[in-house]
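Let me begin by presenting the structure, written as structure tokens, before commenting on it.
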Amino acid sequence: MPRINAPTAARLQHLAAADWPADAATRAVVIGELSAFLSDADIANRDWAAFLLAQSPSDGPQVRAALLRAAGDPSLQVRGEALLGLARRDPALALPHVQAALALDEVSVALLQAAGLCAHPALIRDLEDWSRPSANRLADMAATEALLACRLASAQAGLPGQRHGGLKLGLQDLEDMGNASLPARPKAPHPGPAHQHRRSAETDEAQHIEP
């Protein structure tokens with residue numbers, strides 16, 4: 001897969017470097033511009049438009065409709081950014097889209113982070129695949145954090161305990177694991193090159209890759 005670099009559109013470069021407008025009217029104009037860039041032929045422009053929309057302090061029908069549209073983009077990276085933005089606003093709305101995306105042969109770190117925000121037991125089975133250790137530490141962290149969030153939600157809902165490595169985990173075990181093994185998620189800017197996570201079709205094993 002190609003690396004996702006800086007946007008090529010000058011307007012997107014400006015928006016990426018600027019703060020969000022304080023007044024609602026100007027902010028709505030910017031959201032409209034970003035929504036239009038979701039149809040751009042350049043994948044880098046669509047990726048950054050989805051990322052900036054996801055990071056927007058705004059919420060509402062216009063933003064959610066744009067993110068839902070981007071969630072169907074042919075690019076893995078664009079879909080991941082869009083689903084992460086949707087999960088930040090409405091995990092229940094994002095859940096079926098995240099579940100469908102996790103069942104595919106590739107996922108992005110942004111998608112795994114979205115799964116963590118959804119924190120639903122229905123995601124556990126696929127996340128168990130994606131959380132297998134690999135050389136991609138960032139993807140490992142995102143997958144493991146998402147799996148723990150979903151296991152914790154399952155335990156809190158009183159659902160039957162899930163097994164991992166032959167051990168049945170209870171609520172206190174999950175809380176201890178979360179506190180001990182996962183560093184806080186950094187508040188980082190867009191990472192530039194998009195990190196991918198690929199599942200081998202031949203072995204059905206999860207493998208992290210760098211694009």
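For the pair the range 5-63 and the range 93-117, the centres of their Cα atoms are 22 angstrom apart.
Considering only the other residues whose Cβ falls under 14 Å of the Cβ of L86, what net charge follows from Lys and Arg at +1 and Asp and Glu at -1? Net local charge, L86 excluded: +1. Taking the fewest neighbouring Cβ atoms within 10 Å as the starting point, the ordered list for V29, V78, V109 is V29, V109, V78. In the range 1-89, the alpha-carbon atoms span a convex hull of 83 Å³ per residue. Within the shell of other residues whose beta carbon sits under 15 angstrom from the beta carbon of A66, the net charge comes to 0, with Lys and Arg scored +1 and Asp and Glu -1. Taking label points 7 Å from Cα along the Cα-to-Cβ direction, A41 and T8 give a separation of 0.8 nm. Between Q55 and V29, the contour length at 0.36 nm per residue exceeds the Cα-Cα span by 7.8 nm. May I ask which residue of L38, Q77, A28 lies farthest towards the positive end of the charge dipole of the range 1-89, with charges of +1 (Lys, Arg) and -1 (Asp, Glu) on Cβ and the Cα centre as origin? About the Cα centre, the residue reaching furthest to the positive side is Q77.
Label separation (A100 vs A22): 4.1 nm, computed from points 7 Å beyond Cα along the C-beta direction. On full extension, the segment bounded by Q62 and R132 gains 21.5 nm, given 0.36 nm per residue less the C-alpha separation.
Values quoted throughout were computed directly from the atomic coordinates according to the rules given, and no laboratory measurement underlies them. This is a predicted model, so every value here is computed, not measured. Neighbour counts are summed over all protein chains in view; Cβ atoms, including those assigned to glycine, are modelled from backbone coordinates with ideal geometry.
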